[in-house]
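Undergrad: Pasting a structure below so you can have a look.
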Amino acid sequence: MAPENSATRKRKFDTIMSNSNSKSQKKPKKDELIAKAEKLLLLLNIILDLPSLPSRTRPSVDFKRQTVEGIVVTEETTYNQEDLDILQLPLSFPQNLVESDQSRLSLLPPSLPFLHTCMHKGLDPNERRELKIAFNKANALLTSVAELYTPLLEYHKFPPPPSSYAKNSVWCIWQEKADAIQCLRPPHREGLPLCILDEVFRQFRLQVAEEFPATNEAAAAIESAHKLCCEMGNSFENEKARQKSFDQCIDSLFGTKDWRQQYTIDSKNEKCTAIVDRCLFVNDMLCIIREAKVDIGLGNDVYMQVSRDFQMYISYLHEERSTLLKYGAPTFLVCVFGPLLLIAGGFWDGKSVIVEPLGPAFMMFPDCSHDRIQTLARQLYALKQGVNTLSSRKPLIEPLISGVPRIYPSFIDPDSFTSSQEQSLSFIRPLQDCSSLMFLANVGNLEDPRLVKLVTGRYGTIVHKTLAAQGFAPTLYGQKSLKGAPTAYVMEYLAPPSGPLEAKGWVTLYKFSQSPGAIEHRNVIWAALDRILGVMQKEEVVHGDLRSNNLMVEVDADGGLSLGEGDIVSMKVVDFDWGGKSGE
């Protein structure tokens, strides 16, 4: 191809300038931003190819480019400044744009090639004059470059719209950022279980496992499930056709008047809007967000799309200062992947957006025994009961504490048969990260906090109480058992040392063993272990996981081992998940 002459470049430049003078929209669409990015790149190419710039003074430029949402952007520029002097000229590039951010896009460096272009010593006056003319032409383009780049950068400082977030190449990057959705993708993005954050999700799990009652809503759920299993296995032309068929199948259970199609979620805190396929509002309460893909393997991840929908909904509630945030804004999220159905839940815990599947994904196919229809019907019925619960709630007054359960207002000592033993439980904060499911809580009017451990499945209560009676385990005060949720065990809190001049406290034996001088106390530590093992052998109980991380020793404020009379060390066993009677 023949090189462009100056007239051709000028026509290109004039065309770009005439098309880029219009005011930018509040929230530019993606295609508009792509067009602006293309203009930006063309301008840069024109600038870097100014014919009047002497070839031996042209800077060395290395562009590293990457594609984000189909937009190619400049990420890094390097220069060759050896044996060159800086030519200082007036600059019109806005300095506030010369900043980088944590997204994949970064601003152009402040020293663009034509801003700090250098020239060899010994250029003759004509070459210097031509170089200054080239600079003036370049400076004339700076404002236009900035105007094109600004909305592009602003667009990518914030998470993209849900339809784009659903792309694997996009969500995998945003899910590594600080404000990621806690939706188990990737697996370490895990929030607290929804069943301990709101009763509506715990009840959903229970409803799915129970038999149908003899009610009209249960009959409507069976009818809807039958229709879905007969229809969703068909091929549909597009997502709109599948959504329409889904609407018709569930009409007898959910009706049509409360569903809003192509519902827009718009927040000033976001740089984009969400267009949701279907939203169910009952009594002005958003109860269900539903998205669909035409078939399995076609389109992007609908689960990530609906998760981003919910995140934008929470952003909107923050903007409106809605009282729904005190509830955590619990919402059901329905994902339709062709014939595959997944029902998830969304919750705002005061710090993070949490999304979690409420059960396994389900294939909406018929079968001769009608087992699939019955299973699907139970899910639909549980979903309908959840909607009824959400739409009838009364406003809450108490503040939302982030990172703690919300379904355990009290507990009881199971060894007591009097109701007066029930005590109030008020959670303070998580003890560590959410995966440990251990929290600090106040009990009644007591001053010292208690430790609450949530356990799914069995717990060695007998072993715990046996050792606690001898002072070899934290005191176990009671528990709270709820179907469909972990059991909460309330026990003594073994607090760590408070500081160099404060009270002594407890550390794991493993941590103490790493301290200087620990080897000097090995005899008293072995003696304490012998006493604990002697009690366990006498009572015929086993711990199941007796190791240094599950043994606590009392230390002084400075970390030294705290010894009682006769050089006896205080040691207690914790974590009785695998404990029980010997031989059982």
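The values are calculated or read from the model by the stated rules, or taken from the named source; none is laboratory data. These numbers were taken from a predicted model, which means no experiment stands behind them. Note that each Cβ is placed from the backbone with ideal geometry, even for glycine, and that neighbours are counted across all protein chains shown. The area values use the complete protein model at the heavy-atom level, side chains included, leaving out ligands, DNA and RNA. Shrake-Rupley method; radii C 1.70, N 1.55, O 1.52, S 1.80 Å.
Per-residue answers, yes or no, for (1) under 30 Å from LEU454 (Cβ atoms); (2) in contact (Cβ under 8 Å) with a residue 40 or more places away in the chain; (3) among the polar types (S, T, N, Q); (4) in contact with a helix residue (DSSP H, G or I) (Cβ under 6 Å, 6 or more places away or on another chain):
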position	(1), (2), (3), (4)
GLU492	yes, yes, no, no
VAL507	yes, yes, no, no
VAL524	no, yes, no, no
ALA528	yes, yes, no, no
LYS538	no, no, no, no
ASN549	yes, yes, yes, yes
MET552	yes, yes, no, no
VAL573	yes, yes, no, yes
ASP577	yes, yes, no, no
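Undergrad: Could you look through the range 252-261, keep only residues that are open to solvent by less than 70 Å² (accessible area, probe 1.4 Å) and not in a loop (DSSP other than H, G, I, E, B), and pick out the one that is farthest from ILE222 (Cα to Cα)?
TA: Once the filter is applied, the top-ranked residue is TRP259.
Undergrad: When you scan the range 421-493 for strands (runs of 3 or more DSSP E) that lie fully inside it, which ones turn up with 1 or more residues that are touching a His at 6+ places or on another chain (Cβ under 9 Å)?
TA: 476-480, 487-492
Undergrad: Scan the range 499-547 for residues that are touching an Asp or Glu at 6+ places or on another chain (Cβ under 6 Å) and in a helix (DSSP H, G or I) and jot them down.
TA: The one that is touching an Asp or Glu at 6+ places or on another chain (Cβ under 6 Å) and in a helix (DSSP H, G or I): VAL524.
Undergrad: Of everything in the range 172-209, what is of a type in the set (Phe, Trp, Tyr) and either open to solvent by 10 Å² or more (accessible area, probe 1.4 Å) or touching an Asp or Glu at 6+ places or on another chain (Cβ under 9 Å) (or both)? Give them in sequence order.
TA: Result: TRP174, PHE201.
Undergrad: Sort out which residues of the range 458-476 are in contact (Cβ under 8 Å) with a residue 12 or more places away in the chain, of a type outside the set (Val, Ile, Thr) and more than 30 Å from ASP558 (Cα to Cα), and write them in order of number.
TA: Matches in the range 458-476: ARG458, TYR459, GLY460.
Undergrad: I would also like to ask the following. If I filter the range 262-282 down to residues being in contact with a Lys or Arg (Cβ under 9 Å, 6 or more places away or on another chain) and polar (S, T, N, Q), which single residue comes out as surrounded by the most Cβ atoms within 10 Å (Cβ to Cβ)?
TA: THR273
Undergrad: Could you please find all residues in the range 179-193 being free of Cβ contacts under 8 Å to residues at least 60 places away in the same chain and over 9 Å from the mean Cα position of the chain (by Cα)?
TA: Residues satisfying the conditions are PRO186, PRO187, HIS188.
Undergrad: If I ask for residues that are farther than 27 Å from GLY517 by Cβ, aliphatic (A, V, I, L, M) and open to solvent by less than 40 Å² (accessible area, probe 1.4 Å), which ones from the range 532-572 would you list?
TA: VAL535, MET536, VAL541
Undergrad: Might you check whether a residue that is closer than 29 Å to LYS157 by Cβ, among the basic types (Lys, Arg) and crowded, with 23+ Cβ neighbours inside 10 Å occurs anywhere in the range 296-311?
TA: Yes.
Undergrad: So which residues in the range 357-375 are more than 17 Å from PHE201 (Cα to Cα) and of a type outside the set (D, E, K, R), if there are any at all?
TA: PHE362, MET363, MET364, PHE365, PRO366, CYS368, SER369, HIS370, ILE373, GLN374, THR375
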